[in-house]
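The values are calculated or read from the model by the stated rules, or taken from the named source; none is laboratory data. If you're wondering where the values come from, they're calculated on a predicted model, not measured in any experiment. Neighbour counts run over all protein chains shown; Cβ positions are idealised from the backbone, glycine included. For accessibility, only protein heavy atoms count, side chains too; no ligands or nucleic acids. Shrake-Rupley method; radii C 1.70, N 1.55, O 1.52, S 1.80 Å.
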Amino acid sequence: GTAASGDPVYVEDVFSTHLYNGNSGSQSINNGIDLAGEGGLVWIKSREDAADHALYDTERNSNNVIHSSSTAAEDNYTPLKNDTSNAFTSTGFDLNTATGITNNDNYIYTSWTFRKQEGFFDVQTATLDSSGFAQFNHGLGSAPGMVLVKPRNFADDWYVYHKSLGTGKYLALNGSAAAATFTAWGNVSATTFDANIGFGSPSGKTVVAYFFADGNDSDAQIFGDDGDEAIIKTGSLTTDGNGDAEVTLGFE
């Protein structure tokens, strides 16, 4: 199931955008993504109300949720499935009985699933040292184009690395502010990523990081029939005098 095996890998093997209807009871969502064997991220949002985005991943307990719009630490009040079962399956994920943000009866939900895959996506966790430093060993096989870093066991912003900002700035995913000037990032390579976040009294604090590849990197162009296509792009744009911009991705 990986490009390294020599078998072709396609976007539908590693990414899904999937709508489902809540039923206030247990149900299995089949989106064709092998999370049990490969690992990854499930991102869910209700289309019917103002509930928060809910993010679950295979590196943390499947009951633990974090919210992209919030500074709050992870919580387990809205599990995908119950405490004794693995919510991640070989064809998607399982939902527990009614929860306000994942499975209310007669509500429509949208979900995005990112499978771990070289040249596309990875998720890793780390514990900060006494200086607020963590080094991640990611599996992208190429330098990441964007990384989202969220503290797990304490409240703080989502710190966003983006290649267009460089190492001296970061964005806060949960806020609307312009990029902040702070050297939050160290080494960024095809195998490692350094976060120099420097929280107050950081020892023992844990973080989760979501890594997105840069399809402009030739090492990420490993998909499709011939294993030479990209399925993800990371970049920036500048609008014209009318506030418009055209972005060419290279794929449909």
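General remarks:
- Charge tally around Phe133: other residues with Cβ under 12 Å, Lys/Arg +1 each, Asp/Glu -1 each, net -1.
- Centre separation in Å (Cα based) which lies between the stretch 5-54 and the stretch 84-124: 5
- Values of log10 I(q)/I(0), in the order q = 0.19, 0.21, 0.22 Å⁻¹, for the stretch 143-242 under a Debye, Cα-only, solvent-free model: -0.98, -1.11, -1.18
- For the residues His67, His18, a 1.4 Å probe over the protein chains yields an accessible-area ranking, largest first, of His18, His67.
- Mean accessible surface per residue for the chain, computed with a 1.4 Å probe while every protein chain stays in place, in Å²: 45
- With the charge dipole of the chain set up from +1 on Lys and Arg Cβ and -1 on Asp and Glu Cβ about the Cα centre, the Cα lying farthest toward the positive end among the listed residues Gly227, Leu165, Ile197 is that of Ile197.
- Accessible surface of the chain [probe 1.4 Å, protein heavy atoms]: carbon and sulfur percent: 44
- Alpha carbon Rg of the stretch 63-167, scaled by the compact-globule rule 2.2 N^0.38 Å: 1.25
- Per-residue [θ]222 nm for the chain (sum of -39500 (n - 2.57) over DSSP H runs n ≥ 4, rounded to 500): -500 deg cm²/dmol
- Only Lys, Arg, Asp and Glu carry charge here, each on its Cβ (+1 for the first two, -1 for the last two); on that basis the stretch 7-166 has a dipole of about 160 debye about its Cα centre.
- Pairs of Lys in the chain closer than 30 Å at Cα, counting only those 8 or more apart or on different chains: 23
- For Glu48, the accessible surface of its heavy atoms amounts to roughly 90 Å² (probe 1.4 Å, protein chains only, rounded to the nearest 10).
- Residue of Thr113, Thr58, Thr17 that the Gaussian network model of the chain assigns the largest fluctuation, springs spanning Cα pairs under 10 Å: Thr17
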